[in-house]
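Have a look at the structure below, then the notes.
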Amino acid sequence: MFKLKRLRPIVDYLQPYRWQLIGAVTALLFTSALTLSLGQGLRLLVDQGFSGSTEALGQAIGVFMILVVLLAVGTFVRFFLVSWVGERVCTDLRKAVFNHLIDLHPSFFEDNGSGEIQSRITTDTTLMQSVIGSSVSIALRNLLMFIGGVILLLITNVKLTAIVLISVPFVLVPIIFLGRRVRRLSRVSQDRVADVGSYVGEALQNIKIVQAFNHQPLDRLRFADYAEDAFRVAVRRITLRAWLATIAITLVLGSVGGMMWVGGSDVIRGEITAGELAAFLFYALMVVVSVGAISEVMGELQRAAGATERLMELLAAKSLITAPESTQLQQLSNNVRGQVEIANLRFSYPSRPAQAAIDGLDLSVQAGSSMALVGASGAGKSTLFDLLLRFYDPQQGSICFDGVDISRLDPFELRRHIAIVPQQPVLFTGNVWDNIRYGNPEASDQEIVDAAKAAYAHEFIETLPDAYNSDLGEGGVRLSGGQRQRIAIARALLRNPAVLLLDEATSALDAESEFRVQQALERLMANRTTLVIAHRLATVINVDRIAVLDNGRLVEIGKHKELLGKSPLYAHWAKLQFDQAARVSESSADISEGE
């Protein structure tokens, strides 16, 4: 029962709907009273309707039908209001959790898997909806049925009531025991079915790799193992449920048979009437069923308590990246220039605290200039982008944006002036309009078209089945890699930022598209601060400066020709890349001559 205390936070989400809850409780009390009154209606029907005149029978049936109609109306009101509140609270919870998660710092998602979080938002909130919209109502109704039934049993016949109370434990204990085992197997069965779904999703999302490696036969065997495992657990659950139904019917109806024998004997002796016996059996069944239902609901409430705790854990998570207090909050000027100053910067990822990703970095990027960041994998290039966007805060040093330390800025305000084009383009489910407009939700259709033209995306967009209205599928699956990249570039251009971050933005393009996009980017870079992560040095020869990074440190900085002379590391990379390009070019020429 202690776990049920964890349901208390849900009360806050129920408060706005107190009038609906009052209406539901009123309907619950009304229907409970009517249900209990059916026993008395049954007694009158048997004693007066069956043994009296046709007129008396008609009156008894009329009263009984009125009760039935009122019960149906009350049940409709109760079910609708309770279910409405359950759905409403479930929706509010999902919105609250998502709204909170969407602002959490990225490192939170390093320690908490996206699949687990999705499960909490969907499965756990659905369980809460079931409990609020059904289980609690069932528990309260059956509690009222139990209390009212016991009272009416005592009023109807004390001797038979004693027999019922003595027999109830013998009936319920095995049912409860088997019911718990059924619930455990149900959870295991759900897990096995989830494994099936997970395997299907993984295989279908990567169908090209599956087919490219001719992996279908092995995948069929593995999927069969998952499916058969789920089937075996389901058979165990079905078998146990069948036994549970058999035992429940035997025990319940057996006890009813015993009561009918005792009660029937009393009717024959004239100690009670047939109507009283019928009413008594009605109340006895109601008591037994109510206890069983309450036991079943308690298990659901325990599960809901666990679900509530998991949801509250998400809502209690604190973001490490927040806007400073109002007394320390600073604002950027209306004329944002995009100057970046980095001083003595040191940073280690929370998951790798002993390893410095940035180690004492000093760097200055003048407003309107372009700078390329080059270095081997792990040199700190992408980390620097993350720090500029304030996805993380450094352990030491500072990053200033137009002379203001970004830790003194609202992250929302900072990111409003920055656009990023990642190496792996990220598109969202929707059409072309939606994905480009992501950069500026207030942009007009013409502005989107202009951005697409500047990114050399307009031509291929026009060839799509519905042009800009074409649905791109999940993750832009209906486009090629180069097309997705050009959509991402158009999105960044539409934002018209003061600072543009390009993470090898042309890597996914073919030669012709790369040339066109590079020209467009060079024109755009002329009037805004641009930082480029470059793996291919040929793409950044013309930038204003190139910063050479190694193990999180700045090794050298200068133009391409300068670095060839004063940076052995840069010269080594340039020799490797340009010599290889020359060999490829010579090979292509030889092939052409041979043809």
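The values are calculated or read from the model by the stated rules, or taken from the named source; none is laboratory data. Keep in mind that what you see is a predicted model, and the values were worked out from it rather than measured. Note that each Cβ is placed from the backbone with ideal geometry, even for glycine, and that neighbours are counted across all protein chains shown.
Within the stretch 541-560, at least one residue is in contact with a strand residue (DSSP E or B) (Cβ under 9 Å, 6 or more places away or on another chain), modelled with pLDDT of 80 or more and in a helix (DSSP H, G or I). Which residues, counting only those in the stretch 335-360, are touching a Lys or Arg at 6+ places or on another chain (Cβ under 8 Å) and over 19 Å from I420 (Cβ atoms)? Residues satisfying the conditions are A356, D359, G360. The listed residues are L332, L409, L387, and the only one of them that is under 30 Å from the mean Cα position of the chain (by Cα), touching a residue at least 24 places away in the same chain (Cβ under 8 Å), farther than 16 Å from L501 by Cα and not assigned by TED's automatic domain parsing to the domain that holds S107 turns out to be L409.
The residues on offer are G378, G430, and the sole one that is closer than 30 Å to Q577 by Cβ and either among the small types (G, A, S) or crowded, with 16+ Cβ neighbours inside 10 Å (or both) is G378.
Only one entry in T31, T54 is at pLDDT below 85 and over 28 Å from I155 (Cβ atoms), namely T54. When V426 is tested against (1) under 21 Å from I489 (Cα atoms); (2) part of a helix (DSSP H, G or I), only condition (2) is not met.
Checked against (1) outside any helix (DSSP H, G or I); (2) out of contact with any Ser or Thr (no Cβ under 9 Å at 6 or more places or on another chain); (3) modelled with pLDDT of 75 or more, H572 meets all criteria but (1). When R222 is evaluated against the numbered criteria (1) surrounded by 11 or more Cβ atoms within 10 Å (Cβ to Cβ); (2) over 30 Å from V477 (Cβ atoms); (3) among the basic types (K, R), which criterion, by number, is the only one it fails? The single condition R222 does not satisfy is (2).
Per-residue answers, yes or no, for (1) buried (at least 17 other Cβ atoms within 10 Å of the Cβ); (2) out of contact with any Gly (no Cβ under 9 Å at 6 or more places or on another chain); (3) modelled with pLDDT under 75:
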{"residue": "W243", "(1), (2), (3)": "no, yes, no"}
{"residue": "S255", "(1), (2), (3)": "yes, yes, yes"}
{"residue": "R269", "(1), (2), (3)": "no, yes, no"}
{"residue": "I272", "(1), (2), (3)": "yes, no, yes"}
{"residue": "A278", "(1), (2), (3)": "yes, no, no"}
{"residue": "V297", "(1), (2), (3)": "yes, yes, yes"}
{"residue": "R303", "(1), (2), (3)": "yes, yes, yes"}
{"residue": "A307", "(1), (2), (3)": "yes, yes, yes"}
{"residue": "A317", "(1), (2), (3)": "no, yes, no"}
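For the stretch 103-201, the helices (runs of 4 or more DSSP H) that sit wholly inside it and include 2 or more residues that are at pLDDT 70 or above and crowded, with 16+ Cβ neighbours inside 10 Å are 125-130, 136-156.
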